[in-house]
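Report on the structure given below.
The values are calculated or read from the model by the stated rules, or taken from the named source; none is laboratory data. All values derive from a computational prediction rather than experimental measurement. Every residue, glycine among them, receives a Cβ derived from its backbone with ideal geometry; neighbour counts consider all protein chains shown.
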Amino acid sequence: MPSTHTLICPSCTAGNRLPAARLSDGPKCGTCGARLVPPKPFELDPAALKKSVKTDTLPLLVDFWAPWCGPCRMMAPEFEKAAQALSGAVRLAKVNTQDFPEASTAYAIRGIPALLLFDKGREVSRLAGARPAADIIAFARQNAPA
């Protein structure tokens, strides 16, 4: 694990460098004061997603979803549980494909919900379909680089 991490703020998209040892201390953005490793998944628009994928040195697990999707709504509380369990090791984010269909196109999303795991600028793995928290956690731990 690197001694420092670079993370994009989920609120203002400013880049932040912080010691790896501080990930579990609730670090905040130096620009806007928002939590950099929130205990719940955070929403990203396509520009923020692209910037986070490119810049973040902590793995990023993204749920591509839509409000009209029943399985997506069923998985939402499970994704929140996974965010709490993975806090400090993997950041969890959500992209609303109804509001941002271009994100689906950019990442070749064929169906939702779809989970994509990114690390250091590249897609590491993907998982399709609604999953319980235990499956999401296992997927992230098995596929996120140590």
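Answer yes or no as to whether ALA47 is of a type outside the set (S, T, N, Q), modelled with pLDDT under 95 and assigned to a loop (DSSP other than H, G, I, E, B).
no
Within segment 63-80, does at least one residue satisfy the condition of being assigned to a strand (DSSP E or B) and within 25 Å of ARG17 (Cβ to Cβ)?
Checked segment 63-80: no residue is assigned to a strand (DSSP E or B) and within 25 Å of ARG17 (Cβ to Cβ).
Exactly one condition in (1) part of a helix (DSSP H, G or I); (2) modelled with pLDDT of 95 or more; (3) of a type in the set (A, V, I, L, M) is not met by LEU92; state its number.
(1)
Being out of contact with any Cys (no Cβ under 8 Å at 6 or more places or on another chain), hydrophobic (A, V, I, L, M, F, W, C), surrounded by 15 or more Cβ atoms within 10 Å (Cβ to Cβ) and farther than 16 Å from ASP119 by Cα is the requirement here; does LEU18 meet it? Reasoning before the result, please.
Values: out of contact with any Cys (no Cβ under 8 Å at 6 or more places or on another chain): yes; hydrophobic (A, V, I, L, M, F, W, C): yes; surrounded by 15 or more Cβ atoms within 10 Å (Cβ to Cβ): yes; farther than 16 Å from ASP119 by Cα: yes.
For LEU18, the condition - out of contact with any Cys (no Cβ under 8 Å at 6 or more places or on another chain), hydrophobic (A, V, I, L, M, F, W, C), surrounded by 15 or more Cβ atoms within 10 Å (Cβ to Cβ) and farther than 16 Å from ASP119 by Cα - is met.
Among the residues of segment 70-86, are any more than 16 Å from ARG131 (Cβ to Cβ) and more than 15 Å from the chain's Cα centre (by Cα)?
No; the residues of segment 70-86 include none that is more than 16 Å from ARG131 (Cβ to Cβ) and more than 15 Å from the chain's Cα centre (by Cα).
Out of segment 1-41, which residues are among the aliphatic types (A, V, I, L, M) and under 15 Å from VAL90 (Cβ atoms)?
Of all residues in segment 1-41, those among the aliphatic types (A, V, I, L, M) come to 1, 7-8, 14, 18, 20-21, 23, 34, 36-37.
Of everything in segment 1-41, those that are among the aliphatic types (A, V, I, L, M) and under 15 Å from VAL90 (Cβ atoms) turn out to be MET1, LEU7, ILE8, ALA20, LEU23, LEU36, VAL37.
From the list LEU23, LEU58, LEU7, exactly one residue is in a helix (DSSP H, G or I) and in contact (Cβ under 8 Å) with a residue 40 or more places away in the chain. Which is it?
LEU23
Taking into account only those residues within segment 130-146 that are touching an Asp or Glu at 6+ places or on another chain (Cβ under 7 Å) and under 15 Å from ARG91 (Cα atoms), which is surrounded by the most Cβ atoms within 10 Å (Cβ to Cβ)?
Once the filter is applied, the top-ranked residue is ILE136.
Identify the residue in segment 59-90 that is farther than 15 Å from ARG126 by Cβ and in contact with a Leu (Cβ under 6 Å, 6 or more places away or on another chain) and, among all such residues, is surrounded by the fewest Cβ atoms within 10 Å (Cβ to Cβ).
GLY88
Of all residues in segment 107-140, which are hydrophobic (A, V, I, L, M, F, W, C), in a strand (DSSP E or B) and out of contact with any helix residue (DSSP H, G or I) (no Cβ under 8 Å at 6 or more places or on another chain)? Before the answer, list the steps.
First, pick out the residues of segment 107-140 that are hydrophobic (A, V, I, L, M, F, W, C): 108-109, 112, 114-118, 124, 127-128, 130, 133-134, 136-140.
Retained after the next criterion (residues that are in a strand (DSSP E or B)): 114-118, 124, 127-128.
Answer for segment 107-140, where residues must be hydrophobic (A, V, I, L, M, F, W, C), in a strand (DSSP E or B) and out of contact with any helix residue (DSSP H, G or I) (no Cβ under 8 Å at 6 or more places or on another chain): ALA114, LEU116, ALA128.
Considering only segment 1-26, state which residues are among the hydrophobic types (A, V, I, L, M, F, W, C) and touching a strand residue (DSSP E or B) at 6+ places or on another chain (Cβ under 8 Å).
Across segment 1-26, the qualifying residues are LEU7, ILE8, CYS9, ALA14, LEU18, ALA20, LEU23.
Any chance segment 26-43 includes a residue that's free of Cβ contacts under 8 Å to residues at least 60 places away in the same chain, within 15 Å of the chain's Cα centre (by Cα) and in a helix (DSSP H, G or I)?
no
Would you please name the residue that is surrounded by the fewest Cβ atoms within 10 Å (Cβ to Cβ), looking only at residues in segment 108-129 that are of a type in the set (A, V, I, L, M) and within 19 Å of HIS5 (Cβ to Cβ)?
Among them, the one singled out is VAL124.
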